[in-house]
Amino acid sequence: GSTIIVITPTTRPSWATAARQLRQRGMRVVTVLIDPRSFGGRKSADSLVPLLQQRGMGTYVIRDGDDLTGVLSTPGLGTSF
């Protein structure tokens with residue numbers, strides 16, 4: 001019944017493989033993506049959302065100016081809480 005929370009600004013999908021392996025071992029994986037584009041970066045975290053959804057991971061996307069309480073209190077995309 002363990003839950004792992006991954007908080008990251010990366011847009012690389014490679015870390016999601018390790019998270020998927022944890023999920024396959026029975027752990028619940030929740031991801032909080034900090035969208036770098038909204039903070040002045042070049043890439044958006046949006047491309048990772050479908051990948052994470054397909055792998056059954058709860059996903060939250062945080063953008064500059066978001067109300068963290070509001071975003072994090074909404075059920076994550078890709079899984080039921």
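The values are calculated or read from the model by the stated rules, or taken from the named source; none is laboratory data. All values derive from a computational prediction rather than experimental measurement. Positions of Cβ are backbone-derived with ideal geometry, glycine not excepted, and every protein chain shown enters the neighbour counts. Quick note on the areas: whole protein, heavy atoms, side chains included, nothing else; ligands and nucleic acids left out. Shrake-Rupley method; radii C 1.70, N 1.55, O 1.52, S 1.80 Å.
Structure notes:
- Counting only residues that are small (Gly, Ala, Ser) and closer than 15 Å to Val61 by Cβ, region 1-29 holds 1 of them.
- Matching residues, region 52-64, being touching a helix residue (DSSP H, G or I) at 6+ places or on another chain (Cβ under 7 Å), of a type outside the set (S, T, N, Q) and either surrounded by 13 or more Cβ atoms within 10 Å (Cβ to Cβ) or closer than 17 Å to Ile5 by Cβ (or both): Leu52, Arg55, Gly56, Met57, Tyr60, Val61, Ile62, Arg63
- Number of residues in region 55-73 that are in contact (Cβ under 8 Å) with a residue 24 or more places away in the chain and not charged (D, E, K, R): the value is 9.
- Qualifying residues in region 21-40 (those that are in a loop (DSSP other than H, G, I, E, B) and under 26 Å from Asp67 (Cα atoms)) - the one farthest from the chain's Cα centre (by Cα): Gly40
Each row is one residue, and each column tells you yes or no for (1) part of a helix (DSSP H, G or I); (2) out of contact with any Phe, Trp or Tyr (no Cβ under 8 Å at 6 or more places or on another chain); (3) modelled with pLDDT of 90 or more.
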position: Ala16; (1), (2), (3): yes, yes, no
position: Ala19; (1), (2), (3): yes, yes, no
position: Arg42; (1), (2), (3): no, yes, yes
position: Asp46; (1), (2), (3): yes, yes, no
position: Leu52; (1), (2), (3): yes, yes, no
position: Val61; (1), (2), (3): no, yes, yes
position: Gly65; (1), (2), (3): no, yes, yes
position: Thr74; (1), (2), (3): no, no, no
position: Thr79; (1), (2), (3): no, yes, no
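- Among residues of region 10-25, those that are over 15 Å from Asp46 (Cα atoms) and among the β-branched types (Val, Ile, Thr), counted: 1
Results for (1) surrounded by fewer than 16 Cβ atoms within 10 Å (Cβ to Cβ); (2) out of contact with any Leu (no Cβ under 6 Å at 6 or more places or on another chain); (3) among the hydroxyl-bearing types (Ser, Thr, Tyr), shown as yes or no for each residue.
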| position | (1), (2), (3) |
| --- | --- |
| Thr10 | yes, yes, yes |
| Ala19 | no, yes, no |
| Arg25 | yes, yes, no |
| Val30 | no, yes, no |
| Ile34 | no, yes, no |
| Ala45 | no, no, no |
| Pro75 | yes, yes, no |
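- Here Val49 meets the list (1) loosely packed, with under 13 Cβ neighbours inside 10 Å; (2) on the phi < 0 side of the Ramachandran plot almost entirely, failing just condition (1).
- Residue check for Ser38: open to solvent by less than 30 Å² (accessible area, probe 1.4 Å), at pLDDT 90 or above and of a type outside the set (Asp, Glu): no
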